[in-house]
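Taken together, the values in this text are just the output of simple stated rules run on the coordinates, not laboratory data. Bear in mind the structure is a predicted one, so any value in this text is a computation, not a measurement. FYI the Cβ positions are ideal-geometry reconstructions off the backbone, even for glycines, and counts take in every protein chain you see.
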Amino acid sequence: MNTNDIPDLTKFRVYPLPANDLIHIEINDGAPVHSMQLQDINGKMIIDNIITTSKTMLDIGKLPGGIYLMKISSCNDTRVCKIIKL
């Protein structure tokens, strides 16, 4: 493994994890527009949004507790992270 294989976690931050109500999303990869998708563990699309700011919040308060996958994509990068909703 070389340093090019290690993801740059400073470009993408999601917190707090696990979460009850709000998830904060910070993206610093320089791209002006990102797509954000949230899927349940079975692959069902729950949320499909466009993000145009470097910091945003996602309200997951009405979702049932469980595990979700969040995918954030731009022309520069794609990241997937596991979201645990309490």
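Worth pointing out:
- Residues located in segment 16-43, provided they are over 15 Å from CYS81 (Cβ atoms) and assigned to a strand (DSSP E or B): LEU22
- If you go through segment 59-80 and keep only what is of a type outside the set (Gly, Ala, Ser) and within 15 Å of ARG13 (Cα to Cα), you end up with LEU69, MET70, LYS71, ILE72, ASP77, THR78, ARG79, VAL80.
- Strands (runs of 3 or more DSSP E) enclosed by segment 44-86 - at least 2 residues per element that are in contact (Cβ under 8 Å) with a residue 24 or more places away in the chain and of a type in the set (Val, Ile, Thr): 66-73, 78-85
- Subset tally (residues that are over 10 Å from the mean Cα position of the chain (by Cα) and over 16 Å from ASP40 (Cα atoms)) for segment 64-77: 4
- Note on segment 50-62: residues that are over 16 Å from PRO16 (Cα atoms) and surrounded by 14 or more Cβ atoms within 10 Å (Cβ to Cβ) total 2.
- Residue count for segment 39-58 satisfying the condition of being within 16 Å of VAL14 (Cβ to Cβ) and touching a strand residue (DSSP E or B) at 6+ places or on another chain (Cβ under 6 Å): 10.
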